[in-house]
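Written below as structure tokens is the structure these notes are about.
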Amino acid sequence: MKDKFLIISGPCSAESEEQVFRTAEELKALVNPDFFRAGIWKPRTRPGSFEGVGQLGLQWMTRIQKELGMPAIVEVGCALHVKKILKHNINAFWIGARTVANPFSVQEIVDALENREITVFVKNPVHPDIELWTGAIERFLAAGVKNVAAIHRGFYPYEKTHLRNIPRWEIPIELARRFPDIRIICDPSHIAGKAEFLHEISQKAINLNMAGLMIESHFNPSQALSDKDQQITPNDLKILISNLDLRNPVNDDSDFKTKLYELREKIDVIDYQLIDMLEHRFKLVDEIGGLKKEHNVTILQLERWKTIVESRLNYANKDKISREFLLRILQMIHKESIQRQNDIFGLD
Ligand code: PEP
Ligand code: MN
């Protein structure tokens, strides 16, 4: 599955034989995705909502693989699920956000594979902990699983936002830095929560060179038993995909490459200057820390901090640098300065 831009689609949940088949047939004809997805066992946060059809759905997925020639993918949450999908020769599985947060569950899923070859997709955990995501991938790699990929599905928003989950794009970017050979695809459906935001999220994922998209589809989204606001018809998926601007990670045009090289050289110089300036600034911060300790005054000097924020934000040209960004930088520098002065005072 290397190199090809992957499309995974299908309903949030398998609900009935008719629903999975109608959706799969329309998808096959209109989009021909690389995998047909459907949740068989649904990890619902609260009990009582639709929890999936269970293993009955596996027979439908096997039929789709055989009759429509589309590889199937389902979610597994425990060793028993793995045993059942292996028995039904399902081509791939993904581990959901709630399961990835539990290393015991991840390890029992890895162990249940018993060296059988299968394609595995690991979603990010619900909360923005890249170590859990990394750890889950490492468990599969350590067991010798070759086809491991990651799915970015956003993170639980502690504050209310227009999206269901916050993308925190810097986290999949860091995952890509840690695992340059692992494909990371995006799940815009669970980030967006609503069909209207799918295009925007999908395009952002493409702009970041993600390797594919997993988008939920249903032949009749308004009747879906789970996640109905974010599902779209196979035809709308086709339109969505045709409206996306696919991008290449590289371009061999020599003019472009020269210009990029020249600009990057300038950026390199500035980055080293920034580091030198910060080192210089922290040296002064340490000297002030010594003075404060000697004269027994508090580390935090609120008036000074207020003046710093106000004067720097006033100084900055709003059109060239956003005030929110500058404030975040100042806060980070101030936090580090306080930490250094705490060290000088001999505190933890
Ligand atoms: C799903 O893909 O239907 C699902 C339950 O996703 P997540 O684990 O990302 O919430
Ligand atoms: Mn869903």
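Tabulated results
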quantity: Residues located in region 206-232, provided they are of a type in the set (Val, Ile, Thr), more than 11 Å from ligand 2 (Cβ to nearest atom) and under 19 Å from the mean Cα position of the chain (by Cα); calculated: Ile206
quantity: Where a residue in region 307-328 is in a loop (DSSP other than H, G, I, E, B) and its partner, wherever it lies, is open to solvent by less than 70 Å² (accessible area, probe 1.4 Å) and hydrophobic (A, V, I, L, M, F, W, C), with Cβ under 6 Å and at least six apart; calculated: Ala316/Leu326
quantity: Odd one out for Ile90, checked against (1) closer than 25 Å to Thr45 by Cα; (2) surrounded by 18 or more Cβ atoms within 10 Å (Cβ to Cβ); calculated: (1)
quantity: Answer from Pro33, Pro47 - the residue that is open to solvent by less than 20 Å² (accessible area, probe 1.4 Å), more than 21 Å from Ser222 (Cα to Cα) and either more than 26 Å from the chain's Cα centre (by Cα) or free of Cβ contacts under 8 Å to residues at least 40 places away in the same chain (or both); calculated: Pro33
quantity: Single match in Asp229, Asp271, Asp286, Asp236 (criterion: charged (D, E, K, R) and surrounded by fewer than 11 Cβ atoms within 10 Å (Cβ to Cβ)); calculated: Asp271
quantity: Within region 138-182, tally of residues that are exposed (fewer than 14 other Cβ atoms within 10 Å of the Cβ) and not in a helix (DSSP H, G or I); calculated: 10
quantity: Condition met for Gly135 (open to solvent by 10 Å² or more (accessible area, probe 1.4 Å), in the same structural domain as Ile40 (by TED's automatic domain parsing), more than 12 Å from ligand 1 (Cβ to nearest atom) and not in a helix (DSSP H, G or I)); calculated: no
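The values are calculated or read from the model by the stated rules, or taken from the named source; none is laboratory data. Everything quoted here is computed from the prediction, not taken from an experiment. Here Cβ is always computed from backbone atoms with ideal geometry, including for glycine, and neighbour counts include all displayed protein chains. Accessible surface is based on the protein model in full, side chains and every heavy atom, while ligands, DNA and RNA are left aside. Shrake-Rupley method; radii C 1.70, N 1.55, O 1.52, S 1.80 Å.
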